[in-house]
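A short write-up of the structure that comes next.
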Amino acid sequence: MNELVKMAKALADPTRVRIVSALLERELCVCELCDSLGVTQSTLSTHLQVIRKAGLVSARKDGKWMYYDIHADGRAALETVFQAFGESLRSEAA
């Protein structure tokens, strides 16, 4: 039950939903996420911290860049959630 609560809390913010949605597509660096979501690096960092604490995202450093991706253990669950809400997510993005 704790894992479900952590996931629900991590997805309880529209910006975090957008971050997870982008990361479900592919691994992205911080600058790519900032540009695509139109948020500052400090805002993004705050949201990524919540998502990471929930165990949904993994991070790796390559030189001076940080890259984020969906954690392998949570990918299937996130894909199921995003499929279930797919139509409403698409209408929000439009």
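State all residues of segment 61-94 that are of a type in the set (Lys, Arg) and surrounded by 12 or more Cβ atoms within 10 Å (Cβ to Cβ); if no residue qualifies, say none. Can you show your working first?
Within segment 61-94, the subset of a type in the set (Lys, Arg) is 61, 64, 75, 90.
Hit for segment 61-94 is 75, nothing else.
Yes/no per residue for (1) surrounded by fewer than 16 Cβ atoms within 10 Å (Cβ to Cβ); (2) assigned to a helix (DSSP H, G or I); (3) not polar (S, T, N, Q):
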| residue | (1), (2), (3) |
| --- | --- |
| 3 | yes, yes, yes |
| 8 | yes, yes, yes |
| 17 | no, yes, yes |
| 31 | yes, yes, yes |
| 45 | yes, yes, no |
| 48 | no, yes, yes |
| 59 | yes, no, yes |
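Just need a number here: residues in segment 61-77 that are under 28 Å from residue 1 (Cα atoms) and free of Cβ contacts under 8 Å to residues at least 60 places away in the same chain.
So the answer is 8.
I'd like the residue in segment 54-88 that is acidic (Asp, Glu) and more than 11 Å from the chain's Cα centre (by Cα) and, out of all such residues, is nearest to residue 23 (Cα to Cα).
The residue in question is 79.
Assess whether residue 37 counts as being touching a Leu at 6+ places or on another chain (Cβ under 8 Å), surrounded by 15 or more Cβ atoms within 10 Å (Cβ to Cβ) and either of a type outside the set (S, T, N, Q) or more than 14 Å from residue 81 (Cα to Cα) (or both). Break it down into steps so the answer makes sense when it comes.
On the way: touching a Leu at 6+ places or on another chain (Cβ under 8 Å): yes; surrounded by 15 or more Cβ atoms within 10 Å (Cβ to Cβ): yes; either of a type outside the set (S, T, N, Q) or more than 14 Å from residue 81 (Cα to Cα) (or both): yes.
Taking the combined requirement at face value, the residue satisfies it.
Please work out if residue 22 is outside any strand (DSSP E or B) and surrounded by 13 or more Cβ atoms within 10 Å (Cβ to Cβ). Let's see the steps before the verdict.
Details: outside any strand (DSSP E or B): yes; surrounded by 13 or more Cβ atoms within 10 Å (Cβ to Cβ): yes.
Spelling it out, residue 22 is indeed outside any strand (DSSP E or B) and surrounded by 13 or more Cβ atoms within 10 Å (Cβ to Cβ).
Determine which member of the set 5, 30 is at pLDDT below 95 and either in contact with a strand residue (DSSP E or B) (Cβ under 6 Å, 6 or more places away or on another chain) or over 20 Å from residue 79 (Cβ atoms) (or both).
Within the list 5, 30, the selection yields 30.
Touching a Ser or Thr at 6+ places or on another chain (Cβ under 8 Å) and of a type in the set (Phe, Trp, Tyr) - does that describe any residue in segment 46-65?
Checked segment 46-65: no residue is touching a Ser or Thr at 6+ places or on another chain (Cβ under 8 Å) and of a type in the set (Phe, Trp, Tyr).
Find all pairs meeting these conditions: Cβ atoms under 8 angstrom apart; at least six residues apart or on different chains; first residue within segment 33-53 and closer than 19 Å to residue 12 by Cβ; second residue of a type in the set (Asp, Glu) and not in a helix (DSSP H, G or I).
Within 8 Å, the pairs are 47/13; 50/13.
The values are calculated or read from the model by the stated rules, or taken from the named source; none is laboratory data. Fair warning: this is a prediction, and the values are worked out from it, not measured in the lab. All Cβ positions, glycine included, derive from the backbone under ideal geometry; neighbour counts span all protein chains shown.
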